[in-house]
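A quick write-up on the structure given underneath.
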Amino acid sequence: MQNDPVALEARHGAHNYHPLPVVLTRGEGVYLFDTEGRRYLDMMSAYSAVSFGHSHPALVQALTEQAQRLAVTSRAFHTDRLGPFLAALCSATGMERALPMNSGAEAVETAIKAARKWAYKVKRVPEGRAQIVVAEGNFAGRTTTIVGFSSEAQYRDGFGPFAPGFVSVPYGDAAALERAIGPHTAAFIVEPIQGEAGIVVPPAGYLREVRAICNRHDVLMICDEVQTGLGRTGAMLACDHEGVRPDGLTLGKALGGGLLPVSAFLARADVMDQFTPGDHGSTFGGNPLAAAVGLAALELLERDRLAERAADLGAYLMERLRGLRHPAITELRGRGLLVGVQIDPSVASARQVCEALMHEGVLTKDTHHTVVRLAPPLTITRAQVDVAVAALARVLQALAPAAARVEQPLPA
Ligand SMILES: *Cc1c(COP(=O)(O)O)cnc(C)c1O
């Protein structure tokens, strides 16, 4: 067992993850394959990074062609790929400017810097006093600044001291946001749907109220759409569902086409233009390989109408899940193809459900111990949705055979 990849990981890696006991070697479309050649339906798509499915031919072609021509130059020079990528990003999202980074956390860090600088230079907040409001339950990555404003004890434990300048308000509560705003408030950073918190959908009208409050107090509304953006929820951006345009926007995950880490911070021109040469940067951010893949991903999203597809297939998935009427499911939440299935903890942990699903040929990951995340590639078909739902039904039936006989209507 000397070359067993799991043993090697355990011996030589940091133990900062607890993966399901499956060793994957290949992906194709919505399917993943393990070392034994077993096939799994991917109902997780790498936390939405694989929205186009694994190894999408158009994206692999863009990647390989660009890799053979020019991959990395740094931003010390212009390349022929960056401008078209930024133009496509702005046109897809209705924003004026885009700044490319790599990971989602870096896009959020960029948003924090932009908001603070705008507050000092434009809003005339006294130096060092800018405040940023965040929502409880947020997830914005793992840098020390970002975990500093997390409400998740484990994400913070042992990693302080943390950066000051953040205040937290309950998610979905617009009045609490307004009360938290003071003369030094620069921005409110909010996820239109909280993904890592367990697919938490705020009350209808929340984003519109947030928009009005931010306007009233000259505070930047920054939507963190690293997970919800690019079609996932059935619209290009999740804030499109309420017709809201933010002042700043972070994208990531799916932007790399499931092939590379590609992220961006987008903003109003007067916000982005606070950055001057030397203020901020990244060795790899906006490299021609990332730009070519990001551009191809945006084109594919539009060409294959994947946002509409997510709306349609997401509604179908939700309808099928409701149809299970299984008492072990205490709540169904989500929008488009971002769905959380809340499991009654007295029946099973979400982790147990995920392990059992794995044996049924369906891969996904629990979030927050009680929620099974269902977020497949947007390219999934109805028949494949049926397969996933049937597997979940078998798993719940096996975990809670008695409970299943109690007919009970499921809350909407
Ligand atoms: C995943 C995520 C991030 C962080 O992205 P990384 O690429 O893991 O750094 C930020 N915001 C949201 C909403 C996310 O879901």
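The values are calculated or read from the model by the stated rules, or taken from the named source; none is laboratory data. These figures come from a predicted structure and were not determined experimentally. Neighbour counts run over all protein chains shown; Cβ positions are idealised from the backbone, glycine included. Ligands, DNA and RNA are excluded from the accessible area calculation, which covers all protein heavy atoms including side chains. Shrake-Rupley method; radii C 1.70, N 1.55, O 1.52, S 1.80 Å.
Over the chain, accessible surface divided per residue gives 45 Å², non-protein components excluded, 1.4 Å probe. Ordering 376, 188, 172 by the projection of their Cα atoms onto the charge dipole of the chain, which places +1 on the Cβ of Lys and Arg and -1 on the Cβ of Asp and Glu, puts 188 at the extreme positive end. What does the C-alpha gyration tensor say about the overall shape of the range 171-287? Classify as rounded when a/c is under 1.5, otherwise prolate if a/b is larger than b/c, or oblate. Oblate, since a/c reaches 1.5 and b/c is not below a/b. Under the criterion of Cα pairs below 8 Å and six or more residues apart, the relative contact order for the chain equals 22 percent.
Close amide H contacts of residue 330 (hydrogens built in the peptide plane, cut-off under 5 Å, sequence separation of 5 or more or a different chain): 342, 343, 344.
Beta bridges from DSSP with both residues in the range 57-303: antiparallel share about 40 percent, rounded to the nearest 5. Beta bridges per DSSP, both residues in the chain: antiparallel share near 65 percent.
Note on the chain: lysine pairs with Cα distance below 30 Å, sequence gap of 8 or more or different chains, count 5. Within the accessible area of the range 121-262, the carbon and sulfur atoms contribute 50%, probe 1.4 Å, all protein chains present. How far is helix 82-93 tilted off the main Cα axis of the chain, in degrees rounded to 10, range 0 to 90? The angle comes out at about 70 degrees.
Packing, as the average of other Cβ atoms within 10 Å across residues, places the peptides 111-119, 352-360 in the order 111-119, 352-360, highest first.
Each residue of the range 364-377 was assigned a 3J(HN,Hα) from its phi angle through the Karplus curve 6.51 cos²θ - 1.76 cosθ + 1.60 (θ = phi - 60°); the sequence is 7, 10, 6, 9, 6, 6, 10, 10, 9, 8, 10, 9, x, x Hz, with glycine and proline shown as x.
Take every pair of alpha-carbon atoms less than 8 Å apart whose residues are at least six positions apart; their mean separation over the length of the range 339-393 yields a relative contact order of 37 percent.
Hey, what angle do you get for helix 104-121 against the long axis of the chain, alpha-carbon based, 0 to 90 degrees rounded to 10? Value to nearest ten degrees: 30. The C-alpha atoms of the chain define a longest principal axis, and helix 350-359 lies at about 60 degrees to it.
The range 200-241 and the range 9-24 have their alpha-carbon centroids 35 Å apart. Scaling the Cα radius of gyration of the range 57-303 by the globular reference 2.2 N^0.38 Å produces a ratio of 0.98.
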